[in-house]
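Q: Please see the structure below; I have some questions.
What follows draws every value from the coordinates through simple rules; no lab data is involved. These numbers come from a predicted model, not from an experiment. Here the Cβ positions follow ideal geometry from the backbone for every residue, glycine too, while neighbour counts run over all protein chains shown.
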Amino acid sequence: MSLSSLRALAWPASQSLARPTTFCQAPTAMRFASQISRKQNRLAATYYRGGTSRAIFFNKDDLPADPTAWNSIFLNSIGSPDRYGRQLDGLGGGISSLSKVCVVGKSTEPGADVDYTFVSLGINNTNVDYSSNCGNMSAAVGPYAVDTGLISTFKKATEATVRIFNTNTKKIIEAAFPVVEGEAEAYGDYAIDGVDGTASKVTLRFLNPAGSRTGKLLPTGNVVDEIEGIFVTLIDAGNPCCFVPAKQLGVDGTLTPQEIDAHHTLKEQLEKMRGQAAVRMGLAETADNVPGSVPKIAIISAPTDGSTDSIIVRAMSVGQPHKAVPVTVALAAAAAAELPETVIHGLVSRRNGSELVIHHASGQLAVAADFDSSGDLKSCTVFRTARRLMEGQVFWK
């Protein structure tokens, strides 16, 4: 049989051979072409460690002018949501201290050099939380501003002091650190527990940190409140916090993060208390509508060595036991230690402005709270380290 006869059997004479070929194959070809031409979005970004956390940094000028367009960029860049909880498709690390974004730009605020917005991102969900600041990442904001040229006044300096306006809390933070050849000095001999090795010291002074979200140091007006039959202190310094004595919870204050995770009721109990604390502090209308990052909640206990200038703290962060301690929790603890009758004050004996040592799951952190003669919280000071890890472009879909 001839080829023309075969063609006649296969297709009516009124149809050309090209038609079925086009009909069957064009969608596939178009699909492949579409996939090939769909490039990922890209955006200038820098990756920093600040204290015991890491975050992606964006210059505000590089982001869309409409902030409502930011969330999808942040979530995809960090790798959320991830039902496996690992954020493998982004730059996150599967824990709250590694699921963060910082936005920095030149400040329009009088007396500030840069504006800084902190964003906490959910891991297995699409939560994007602007409700609090991160004290650890605050340590990297000044170095970022100098390293990227947002501030050019320190090109020939050996020390820099950057005044940072945190948009989350509407508070000023002063960051002081050494500079070498126009960049934040990375080398140094200062070590912080929770981070291996040493680096140059970043001194952070949180100015007038009281009432960061509530407008008051003691949002309820009480030094002690009762929640679920347990006496707690609700305080707002750096971030709103709820401090809960380990004894009243019936647990050991030295529990490790793994032991807290494994406890059959503790996390649920703390989250329930956190929800009620949020309502008491005016942060939420109901306990079911509470921001993930505030208020912070932490278990506190007396040190096992009998010292009177330190406490043990086990903090929760976005539902997870923190592997060290959020800096803002440390600030709040130092402030509470100065106020008579708080649940922390009875555990320590110290004078105004002296250091309080926080024993956390990875070691220690020293912090000082300074009250003026009228009893107002003037500042809190803490020492951290920070380092630029990467700069370039982040890709997002």
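Q: Looking at this model, which pairs from Lys60/Lys171; Lys100/Lys397; Lys100/Lys216; Lys171/Lys378; Lys60/Lys323 are more than 21 angstrom apart at the alpha-carbon?
A: On the way: Lys60/Lys171 19 Å; Lys100/Lys397 18 Å; Lys100/Lys216 27 Å; Lys171/Lys378 12 Å; Lys60/Lys323 30 Å.
Checking Cα-Cα distances, Lys100/Lys216; Lys60/Lys323 exceed 21 Å.
Q: Using Cα-only point scatterers and the Debye equation, what is log10 of I(q)/I(0) for the chain at each q in 0.06, 0.11 Å⁻¹, rounded to two decimals?
A: -0.29, -0.77
Q: If you keep only loop residues by DSSP, which GluC sites (Glu not before Pro) in region 300-397 have at most 13 other Cβ atoms within 10 Å of their Cβ?
A: Glu341
Q: OK, next. May I ask what percent, to the nearest 5, of DSSP beta bridges between residues of the chain are antiparallel? It would help to have the intermediate numbers written out before the result.
A: Values: 72 of 87 bridges.
If I count the DSSP bridges inside the chain, around 85 percent turn out antiparallel.
Q: Report the local net charge at Pro321: Lys and Arg +1, Asp and Glu -1, summed over other residues whose C-beta lies under 11 Å from its C-beta. Intermediate results must be reported in sequence, preceding the final value.
A: Details: positive: Lys267, Arg314, Lys323; negative: Glu259, Asp261.
So the environment of Pro321 carries a net charge of +1.
Q: Specify the residue with the greatest mean-square fluctuation among Thr265, Thr381, Thr167, computed from a Gaussian network of the chain linking alpha-carbon atoms under 10 Å apart.
A: Fluctuation is largest for Thr265.
Q: Percent antiparallel among DSSP beta bridges with both residues in region 225-375, to the nearest 5? Numbers along the way, then the final one.
A: Values: 21 of 29 bridges.
Around 70 percent of the beta bridges assigned by DSSP in region 225-375 are antiparallel ones.
Q: Given labels modelled 7 Å from the Cα in the Cβ direction, how far is it in nm from Lys272 to Glu341?
A: Calculated label separation equals 2.8 nm.
Q: What spacing in nm lies between the two simple spin-label points modelled at Asp129 and His263, each 7 Å away from Cα in the Cβ direction?
A: 1.9
Q: Still on this structure: Taking a label point 7 Å from the Cα of Ala44 along the Cα→Cβ vector, which residues of region 102-120 have an amide N closer than 18 Å to it?
A: Hits in region 102-120 for Ala44 at 18 Å: 102-107, 114-117.
Q: Stretch Glu183-Thr220 to full length: gain in nm at 0.36 nm per residue minus the Cα-Cα span? Before the final figure, lay out the partial values.
A: Working: separation 37, 0.36 × 37 = 13.32 nm, distance 4.41 nm.
Full-extension gain reported as 8.9 nm.
Q: Sorting His322, His360, His264, His345 on the 10 Å Cβ count, fewest up front, what's the list? Mind dumping the intermediate values first?
A: On the way: His322 26, His360 23, His264 6, His345 17.
Final ranking by Cβ density, sparse to dense: His264, His345, His360, His322.
Q: Still on this structure, I have one more. Where does the charge balance sit around Val232 when Lys and Arg score +1, Asp and Glu -1, over other residues with C-beta under 11 Å from its C-beta?
A: Numbers: positive: Arg274, Arg280; negative: Asp225, Glu226, Glu228.
Residues near Val232 contribute -1 overall.
Q: Would you work out the relative contact order for the chain, in percent, from Cα pairs under 8 angstrom that are 6 or more residues apart? Intermediate values should be presented prior to the final figure.
A: Values: 899 pairs, mean separation 66.4, N = 397.
Here the relative contact order equals 17 percent.
Q: Okay, next question. What do you get for GluC sites (Glu not before Pro) in region 249-333 restricted to DSSP loop and a cutoff of at most 16 other Cβ within 10 Å of the site's Cβ?
A: On the way: sites: Glu259, Glu268, Glu271, Glu285; in loops: Glu285.
In loop regions of region 249-333 (DSSP not H, G, I, E or B), the sparsely surrounded GluC sites (Glu not before Pro) are Glu285.
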